[in-house]
1. State which residue pairs qualify: first residue farther than 27 Å from W698 by Cα and inside region 642-660, second residue basic (K, R) and not in a strand (DSSP E or B) in any location, beta carbons under 7 Å apart, and separation of 6 or more residues or different chains.
2. Inside region 102-119, can you point out the residues that are of a type outside the set (F, W, Y), surrounded by fewer than 24 Cβ atoms within 10 Å (Cβ to Cβ) and at pLDDT 90 or above?
3. Of the residues in region 260-276, how many are buried (at least 21 other Cβ atoms within 10 Å of the Cβ) and without any contact (Cβ under 8 Å) to a residue 60 or more places away in the chain?
4. For region 676-717, what are the residues that are surrounded by 18 or more Cβ atoms within 10 Å (Cβ to Cβ), out of contact with any helix residue (DSSP H, G or I) (no Cβ under 7 Å at 6 or more places or on another chain) and among the hydrophobic types (A, V, I, L, M, F, W, C)?
5. What are the pairs with Cβ atoms under 9 angstrom where one residue, in region 363-389, is touching a residue at least 12 places away in the same chain (Cβ under 8 Å) and within 18 Å of Y278 (Cα to Cα) and the other, located anywhere, is small (G, A, S) and assigned to a strand (DSSP E or B)? Sequence gap at least six, or different chains.
6. Can you name the residue in region 271-320 that is of a type in the set (D, E, K, R) and in a strand (DSSP E or B) and, of all such residues, is modelled with the lowest pLDDT?
7. What is the residue count in region 159-179 for residues that are surrounded by fewer than 21 Cβ atoms within 10 Å (Cβ to Cβ), in a strand (DSSP E or B) and touching a residue at least 60 places away in the same chain (Cβ under 8 Å)?
Amino acid sequence: MNNLLNGKSAAMMLALSLVNVTAAFAQDDNSSAKEEGNRNVMLNAASANGPREIQIGLPSADVNVLENGLPVTYATNPHSVNTIWRGDASLSHQGLLKIAETAITTGNIGYAVNSFTQKGQKGFNGTLNYKSNHFGLQEFSLNMNGDLGKDWYYSFNMYQDFDPGTFKIKSTPYQDRTQIYKALLTKKYNGNRGEFTAMYKYANSHNVYNYATQSAPFIYVGDGSVKEYGDFKLGTTSYLPIDNEMTYRNMRTGKVEQTSLYDACLNKASEVTLMNSYRFDNGLNWKATLKYDHSRGAMVYQSPMSIIDLKSAANQGVYNYKFMYRDINGQTKAYDGQYVQTRMSCLNAGKIDEALFTTELSKKFSTSTFRLGVNEWFYHIDYCSNTTMYDQSVPADGSFALRVWDASHHNGYFYDFNKNASEYYKGSENKLALYFTHDWDVTNKLNLYYGARLEWQKLKGENAAVKNAQGDYVGRFTDYHLGAKAADGTKIAPVDLSYNWLNYDFSVAATYKLTDNFGFTGDFTYIVQHPKFEAFAPATLPNVDKISVPLGRAGIYYNNSWLSLTSLFSYISKTNNNATLNLQHGSEIKAAPMTYDIQTWGWTTDAVAHPFKGFDFHFLFTYQKPTYKKYETSITFNDGYVGKINATGNIVAEIPQILIELDPSYMITKDIKLWTSFRYFSKTYANINEAYYFNGHWETFGGLNWQATKRLALGCTVVNFLNQTGAKGSIAGAELITKDEAKGIKNQIMTGSYLRPFTVEFTASLKF
């Protein structure tokens, strides 16, 4: 499943790569030492309800989102951020933590969305936000807060989302149905120097969009462009059958069971958070936050695999296909369409208990700020992924697909239970870390920021990485589950695992002011981690060697009254990426575990200009060259064919080499703002062998914001106002296709992910 998760995230990401200013604005009194600006994280071209991912020259990674100083979720598989957090009225602050700050305080590499829950204030206060779009989205969020007298305060929050999505699906009423409730009680004490808050949060979410919008058909022209297949409209026509039921074999029990896809992706969370802060007489500040979460995390993935041309001359007499379907009356009939596609359903779910604690001491001196913190994060999960295969029609008329079955090989719709990407692990992961940071104005020209983190990581539990008598991994097979027996008689039984590792990070950034306006800036972050518990989910053990990520940047900055500019050269690499490729040959799919390295060189120029009153302009240009290192694997299929991949030196799939962002805005009056955002992504490769590719494209946003009264704000946003259509991400089932093979492939039907279609959104915010 790792390749599926990476593919999904990569398809959603905005690759800003190695960007931005770490220390260049350290001399700006209006900037935060912890946070980055001008990133538009809530403008997401892949989703209507979550922050975009900001990539740093590596393949996709978890979206780091913090609430009140703690991760919203310890692991995003299977409990994704969007199921328990939204950028709604319940938040008093949202920002973007710098890479160095994220590394030191969380142990992760990358940017992180930083958010804080709205607490109670004096009097009675409220915010009601509403959002809709022309596809039928209805989103409400409400915050009410006030005081109870004698230094007691309350805050209540509600979020409701009813999103049918852009795809006209019939298997479920909504592609996103999410409810989030929060209640906070705050006590200020000792002359307001201390503050204690207790918060309860409940979330209930069905994240149908993970499988409903993943992949659909198009014609791959052969020159990097795509065109619509028949009447199948890119981004709006559903590729899912109407039938919402899925049959699978339970990985834990071996029983054949049935569920609806809507129920399979149910996420529930119940959280209790305790927060305390205190300001001592000597200027020392102390804060501590503890969160306990009991939840069910779930994701459903529908991964299209091979497309079979039943009427191709090349297939006549080679394959003995006999596809059938049942009509509306339940009558069995022969399917006479041209195309059939194999799809793999992955039903991922886990019971989760996590207890996360962070405490920090900080003190601000005349020329510096020092922080010392401790993390104690405990995570327990009982997880499995049940996989099943089925076949469906590929209708050219834009109608809903039919589920079909090959009567020459199967007697029903579903087959190959748990053969391809099934997973299991159970146990706990614990991280205990000590960190510090020091932000120091050494002179009026030199600023230094440095910090370090030392972390003990312990894994203990079990998985299903079973070996036979010869010491070889058994791997997956049809009807694979705990208690099953492989062809050689090996019983699939839980295997104990236990690891103890020492991780560490350090970061240093410097800014030297050569003149009042011009200077040099640079930073270096080095992080050493080991695999997370989720890496032990497949049927083989991962590479458990250390994962090292060095990130270095250096360049210049220039600031004056109307311009802030930074230009940086960058380098980042990552060793020992663990992945599982589901390689396809004919109608057979085999999992190939592997470990590889990545490195990226880049150059970024970032500028924010205010050339005249009322007008702001943000410009970003990035050139990068992300390449695979030590990327080799092979697997032998049942017919003897050996599928080989050697991508060493290739450009990393789905990551563009050139990125441009243009963000102009203008205050028409003091109450009306007109703004746009243009993002350009250059050519990206759609498979690992650089055989298929997609041409560059623009993501565009534009809108009008009107502060109608002191209390009422209205807005209109247009997503993809250039109305670009096309595909992005990867092409399903194409991992083994080589450049030479692809030269002769033109105007062929394939499946992939689409650009978000033209969308008009309306917002209103009322304060009372």
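1. Here the result reads T648/K630, each pair linking region 642-660 to a residue that is basic (K, R) and not in a strand (DSSP E or B).
2. G107, S115, T117, Q118, K119, listed by residue number.
3. Number satisfying all stated conditions: 1.
4. Within region 676-717, F681, A686, I688, F694, F701 qualify.
5. Sorted first by the residue in region 363-389, then by its partner, the pairs are T369/S362; F370/S362; R371/S362; R371/G451; L372/S362; G373/S362; G373/A433; V374/A433.
6. D309
7. Adding up the residues that qualify gives 0.
Matching residues to (1) in contact with a helix residue (DSSP H, G or I) (Cβ under 8 Å, 6 or more places away or on another chain); (2) over 30 Å from K122 (Cβ atoms):
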| residue | (1), (2) |
| --- | --- |
| Q160 | no, no |
| I169 | yes, yes |
| T172 | yes, yes |
| D176 | yes, yes |
| M199 | no, no |
| S205 | yes, yes |
| Y209 | no, yes |
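The values are calculated or read from the model by the stated rules, or taken from the named source; none is laboratory data. Keep in mind that what you see is a predicted model, and the values were worked out from it rather than measured. Virtual Cβ from ideal backbone geometry, glycine too; neighbours counted across all protein chains shown.
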